[in-house]
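These notes are about the structure you will find just below.
The values are calculated or read from the model by the stated rules, or taken from the named source; none is laboratory data. Note that the coordinates shown come from a computational prediction; the quantities given were computed from them, not determined experimentally. No Cβ is skipped: glycine too gets one built from the backbone with ideal geometry, and neighbour counts run over all protein chains shown. Side chains are part of the model used for accessible areas, which takes the heavy atoms of the whole protein and leaves out ligands, DNA and RNA. Shrake-Rupley method; radii C 1.70, N 1.55, O 1.52, S 1.80 Å.
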Amino acid sequence: MQKVEHTTIIEAPVREVFSYAANWQFWTEWFEGFTDCSAITEVERGNGAIYDYKMWVLGVPFRCQTEIHNFVENKGWSGHRVKGVPHKTTWVFEDLEGRTKFTYIAEYSLPIPILGPILCVLFTNPAWRRILKKSLSKLTTHFQS
């Protein structure tokens, strides 16, 4: 598995940042390349929620489904692959006395024998770094307005 992560400091309390970031209906507003998102379970927030979405990387759409695990209010959660490209995400929120440190970690692999890891290192890892930097910048900007 490849691993890419990005951290930002947001000038807002963790409960506000978490409330916004944990709402899947806002993900397409700030998460770069994230489209067509829907909750496909009765549980729409927290453990057991499953989201179906399209993630665009290098102009290529990847249809994915992710199930939420280890959900702790104002702390974070992990997302595990149900369908699509093998992946796991970790969302970590830390309270910094009125500010929030948010770290997003993506772990994934391209299921292409031999070439998958090479393509990740040369192309998708740099693309994911750009996506995360831009996405977390948009999230930060949301709380500055």
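Worth pointing out:
- FRET E, pair ILE118, GLU29, Förster distance 35 Å, beta-carbon r, rounded to 0.05: 0.55
- In the complete set of protein chains, residue-level accessible area for GLU5 is approximately 100 Å², probe 1.4 angstrom.
- What separates the Cα centres of the range 55-77 and the range 101-145 is a distance of 12 Å.
- P(r), alpha carbons of the range 57-145 - 5 Å bins starting at zero, rounded %: 3, 11, 18, 23, 20, 13, 8, 4, 1, 0
- Summing Lys and Arg as +1 and Asp and Glu as -1 over all other residues whose Cβ lies under 14 Å from the Cβ of THR8 gives a net charge of +2.
- Evaluating 6.51 cos²θ - 1.76 cosθ + 1.60 at θ = phi - 60° for every residue in the range 54-59, the Karplus couplings come out as 10, 10, 9, 10, 6, x Hz, glycine and proline recorded as x.
- Accessible area of the chain divided out per residue, in Å², using a probe of 1.4 angstrom: 53 Å²
- Between ALA49 and ILE68, the built amide H atoms are under 5 Å apart, and every one of these is 5 or more places off in sequence or on another chain.
- Remark: the range 112-119, residue by residue, has Karplus-estimated 3J(HN,Hα) of 10, x, 6, 6, x, x, 5, 4 Hz, where x stands for each Gly or Pro and the curve is 6.51 cos²θ - 1.76 cosθ + 1.60 at θ = phi - 60°.
- Subset of LYS54/LYS75; LYS3/LYS88; LYS83/LYS138 violating a 21 Å alpha-carbon distance limit: LYS54/LYS75; LYS83/LYS138
- Note on the chain: with neighbouring protein chains present and a 1.4 Å probe, carbon and sulfur make up 54 percent of its accessible heavy-atom surface.
- FRET efficiency, VAL82 to ALA12 (Cβ-Cβ, R0 41 Å, nearest 0.05): 0.85
- Between 0 and 90°, nearest 10: helix 125-142 axis offset from the chain longest Cα axis: 20 degrees
- For the range 21-33, the Karplus equation 6.51 cos²θ - 1.76 cosθ + 1.60, evaluated at θ = phi - 60°, returns couplings of 5, 7, 8, 4, 5, 9, 4, 5, 6, 10, 8, 4, x Hz by residue, with Gly and Pro reported as x.
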